[in-house]
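The values are calculated or read from the model by the stated rules, or taken from the named source; none is laboratory data. Only a predicted model underlies this, so the values are computations on that prediction, with no experimental measurement involved. When we count neighbours, we look across all protein chains shown, and the Cβ atoms used for this are built from the backbone with ideal geometry, even at glycine.
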Amino acid sequence: MILDHDKEFVALSVRSQFIEDVYAAMEYLGIKSKKELARKLGIPARRLTEIMADEVDFTIEEMAEISAGLGFYLHLRMISPEQRLIVTEASDD
């Protein structure tokens, strides 16, 4: 089975990339801790900690809320196999 067609693998990849992006946004914005981020977003620190540790499933709505709270946009798209080849080849450079 090709991993890209395994829905659990794809979901894990999306969640992992999102978490990495949140940490990058925190650094960019000078946010020093998840507690500070939770306060800024107005969400419980425990929930944010669980999301950032990938200990729980989280929704696209939560991803959008976190992104917007940081002043960023959330962008998810499906791509064709041909587009994937272009993206993969470009990232190999």
- Message: Please go through segment 27-52 and give me each residue that is of a type in the set (Lys, Arg) and touching a Gly at 6+ places or on another chain (Cβ under 9 Å), ordered by number.
- Response: 40
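Conditions (1) at pLDDT 95 or above; (2) over 14 Å from residue 69 (Cα atoms), marked per residue:
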position: 8; (1), (2): no, yes
position: 13; (1), (2): no, yes
position: 16; (1), (2): no, yes
position: 22; (1), (2): yes, no
position: 27; (1), (2): yes, yes
- Task: For residues that are of a type in the set (A, V, I, L, M) and more than 21 Å from residue 37 (Cα to Cα), tally how many sit in segment 69-83.
- Result: 3
- Restricting segment 62-82 to residues that are out of contact with any helix residue (DSSP H, G or I) (no Cβ under 8 Å at 6 or more places or on another chain) and at pLDDT below 95, the residue that is farthest from residue 5 (Cα to Cα): 75
- Message: Where the second residue is at pLDDT 75 or above and of a type outside the set (Lys, Arg) and the first is in a loop (DSSP other than H, G, I, E, B) and lies in segment 65-93, which pairs have Cβ atoms under 6 Å and are six or more apart or on separate chains?
- Response: 70/25; 72/25; 74/63; 74/64; 74/67
- Message: Need pairs with beta-carbon distance below 7 Å; first residue among the aromatic types (Phe, Trp, Tyr) and in a helix (DSSP H, G or I) and within segment 11-30, second surrounded by 14 or more Cβ atoms within 10 Å (Cβ to Cβ) and at pLDDT 95 or above; sequence gap 6+ or separate chains.
- Response: 18/63
- Counting only residues that are in contact with a helix residue (DSSP H, G or I) (Cβ under 6 Å, 6 or more places away or on another chain) and loosely packed, with under 14 Cβ neighbours inside 10 Å, which one in segment 2-42 is farthest from residue 54 (Cα to Cα)? 3
